[in-house]
1. Rounded to whole Hz and in sequence order, give me ³J(HN,Hα) for region 3-9 from the Karplus expression 6.51 cos²θ - 1.76 cosθ + 1.60, θ = phi - 60°, writing x for Gly and Pro.
2. Which order do peptides 80-90, 28-38, 47-57 fall in by mean Cβ count within 10 Å, highest first?
3. Calculate, for region 12-100, the solvent-accessible area per residue in square angstrom, rolling a 1.4 angstrom probe over the heavy atoms of the protein chains.
4. Projected onto the charge dipole of region 12-100 (+1 at Lys/Arg Cβ, -1 at Asp/Glu Cβ, origin at the Cα centre), which of 45, 70, 84 gives the Cα projection farthest towards the positive end?
5. Evaluate the distance, in nm, between pseudo-label points positioned 7 Å from the Cα of residue 73 and of residue 87 along their respective Cα→Cβ axes.
6. Bin width 5 Å, origin at 0, all Cα-Cα pairs of region 12-100: what percent of pairs per bin?
7. Quickly work out the residue 8-to-residue 34 label distance, labels modelled 7 Å from Cα along the C-beta direction, and quote it in nm with one decimal.
8. About its Cα centre, how strong a charge dipole does region 12-100 have in debye, to the nearest 20, once Lys and Arg get +1 and Asp and Glu get -1 at the Cβ?
Amino acid sequence: WDNADFSRGVGTTFYQEFPTLNTAKPPFVLDVEAKIRRYLRSSYSAAWTLKITWEKAPAYAARTDTRKTSTYQAILTTDGFRSYVLMLYQEGGMRWDYTRLTAPNVLIGYT
């Protein structure tokens, strides 16, 4: 997430928190729970979820190219015991030209 560059006024970042302990769950949280159950074949009921969105984010350094932007999300969720991160990318994955990035070891995801 650290290679997005918003210094040229292109793109934005926003977040939305879903504290769902003892409250009705919105459809977004129900969808997150369903994804975790399906992918991990595990029961899961979220107590808290955070959605962070990078929209039309240009790669660092934006001074070289602000036309190739990417939209992606990180969804952090926990039931109080287990925590998960879902990494979601626009169709087609990252659209940055990785050959022009300053870091040579580019990857999508986390380690």
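1. Values, residue by residue: 9, 7, 9, 9, 5, 9, x Hz.
2. 47-57, 28-38, 80-90
3. For region 12-100, the solvent-accessible area averages 63 Å² per residue.
4. 70
5. With each label placed 7 Å out from Cα toward Cβ, I get 1.7 nm.
6. Here the calculated profile for region 12-100 is 3, 13, 21, 19, 14, 11, 9, 7, 3, 0.
7. Once both label points are built, they end up 3.9 nm from each other.
8. In debye, rounded to 20, region 12-100 gives about 220.
The values are calculated or read from the model by the stated rules, or taken from the named source; none is laboratory data. Note that the structure is a prediction, hence the values are computed from the model and not measured. Glycine also receives a Cβ, built like all others from the backbone with ideal geometry; neighbour counts cover every protein chain displayed. What goes into the accessible areas is simple: the full protein's heavy atoms, side chains included, and nothing from ligands, DNA or RNA. Shrake-Rupley method; radii C 1.70, N 1.55, O 1.52, S 1.80 Å.
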